Amino acid sequence: MCPKNSIVSTISTFDKVVVELGIGDGQLLNKIIEYEKSPNTCYVGIEIDPNQIQKARDKLRGENVCLINESFEKVLSYFPDNYVDQVIFVLPPPSYIDKSMESEWILLYQNILKKLKEKGIFTIVTEIINDLLEPVSDEDFRSWKDWLISKFVTIGFKINDIFEDSPNYYSSHFLEQFRGDHLRIKLITLILEKAGPRIK
Ligand SMILES: C[S@@+](CC[C@H](N)C(=O)[O-])C[C@H]1O[C@@H](n2cnc3c(N)ncnc32)[C@H](O)[C@@H]1O
């Protein structure tokens with residue numbers, strides 16, 4: 001559907017490029033495409049699990065959809081710098097967002113920033129979970145939220161918007177599951193922008 005090594009030439013005919021990382025079964029990407037109604041945008045979905053990508057392929061068949069069974073680290077490296085209009089990452093696995101694993105994931109977000117165009121957007125939806133099956137306290141939520149914000153600002157992103165929950169038209173298997181347990185699992189969405197160079 002989209003040859004891994006010639007991805008850029010395949011998508012270069014489109015006005016915009018939106019990349020979703022770790023698309024799972026493709027339910028969310030399908031929703032986003034339906035919602036945006038933008039045939040001149042190329043939607044690139046990346047998923048490492050062959051069973052999941054097959055489910056996504058069964059759902060998503062448009063001319064402007066490019067699904068790749070590969071790691072997102074590798075696929076990001078195929079794009080030139082300053083190339084992508086939007087990157088979406090919904091519910092990153094713990095090794096890509098947990099506090100304790102920062103040294104493993106920081107490079108990914110630095111690369112996302114590099115690959116985005118100036119004013120390009122990175123949307124990340126992530127969650128805090130109370131492992132003791134208790135509600136997440138306001139204090140824990142606030143300090144986690146402050147930590148997340150400071151991380152992404154330190155990487156170089158500008159904060160455009162932050163809200164609890166995910167954008168309302170987003171839906172996926174895991175999002176539905178997490179929304180059903182909203183006391184113990186709190187979602188947050190960060191809309192981050194690649195700022196232009198500072199004018200002195
Ligand atoms: C928690 S699931 C979320 C799936 C989907 N975004 C959703 O909201 O339902 C994380 C997904 O990322 C995929 N994944 C994990 N590491 C990956 C990597 N390095 N490259 C591509 N996909 C990856 C997993 O296979 C899984 O489908």
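Please treat every number below as a calculation from the coordinates, not as lab data. Small disclaimer: the values here were computed from a predicted structure and weren't measured. Here the Cβ positions follow ideal geometry from the backbone for every residue, glycine too, while neighbour counts run over all protein chains shown.
In whole percent, what relative contact order does the chain give with Cα contacts below 8 Å and a gap of six or more residues?
Details: 342 pairs, mean separation 41.2, N = 200.
Answer for the chain is 21 percent.
Calculate one ³J(HN,Hα) per residue across the range 79-95 by plugging θ = phi - 60° into the Karplus curve 6.51 cos²θ - 1.76 cosθ + 1.60, and present them in order as whole Hz with x for glycine and proline.
For the range 79-95, the Karplus curve yields 7, x, 5, 6, 10, 9, 7, 8, 10, 10, 9, 10, 6, x, x, x, 5 Hz.
Which whole number of Å³ per residue matches the convex hull of the alpha-carbon atoms in the range 4-194?
116 Å³
Hey, what do the phi angles of the range 60-72 turn into as Karplus ³J(HN,Hα) couplings, whole Hz, using 6.51/-1.76/1.60 and θ = phi - 60°, x for Gly and Pro?
Rounded to whole hertz, the list is 10, 10, x, 4, 9, 10, 10, 10, 10, 8, 6, 6, 5.
What aspartates and glutamates sit close enough to K145 to cross-link, taking a C-alpha to C-alpha distance under 17 Å and skipping anything fewer than 8 places away on the same chain?
Answer for K145, where 17 Å is the Cα cut-off: D98, E102, E127, D161, E164, D165, listed by chain and number.
Explain nothing, just the number: dipole magnitude of the range 1-61 about its Cα centre with +1 on each Lys and Arg Cβ and -1 on each Asp and Glu Cβ, in debye rounded to the nearest 20.
Working: 8 positive and 8 negative charges, 29 e Å.
Dipole magnitude for the range 1-61 comes out near 140 debye.
Assign unit charges at the C-beta atoms only (+1 for Lys and Arg, -1 for Asp and Glu), then state the dipole size of the range 4-194 relative to its Cα centre in Debye, rounded to the nearest 20.
The dipole magnitude comes to about 640 debye.
Through the Karplus equation 6.51 cos²θ - 1.76 cosθ + 1.60, θ set to phi - 60°, convert the phi angles of the range 158-166 into ³J(HN,Hα) values in whole Hz; use x for Gly and Pro.
9, 7, 8, 6, 9, 8, 6, 6, 10
For the range 22-68, state which trypsin sites (Lys or Arg not before Pro) are in a DSSP loop and have at most 11 other beta carbons lying within 10 Å of their beta carbon.
Loop-located and lightly packed - K37, R61.
Find the Rg to Rh ratio for the range 85-190, where Rh is the Kirkwood radius over alpha-carbon pairs and Rg uses the same atoms.
Working: Rg = 13.8 Å, Rh = 14.5 Å.
Rounded to two decimals, Rg/Rh equals 0.95.
About the Cα centre, and with charges only on the beta carbon of Lys, Arg (+1) and Asp, Glu (-1), how big is the dipole of the range 82-191? Nearest 20 debye, please.
On the way: 12 positive and 17 negative charges, 118 e Å.
I would put it at about 560 debye.
For a quick size check, give me the Cα extents of the range 149-200 along its three principal axes, largest first, whole Å.
Computed over the range 149-200, the largest-to-smallest principal extents equal 49, 21, 14 Å.
Using the structure shown, list the pairs from K55/K117; K31/K55; K115/K194; K119/K158 with a Cα-Cα distance above 21 Å, or answer none. Write down the numbers at each step before the final one.
Values: K55/K117 30 Å; K31/K55 15 Å; K115/K194 10 Å; K119/K158 9 Å.
Check vs 21 Å cut-off fails for K55/K117.
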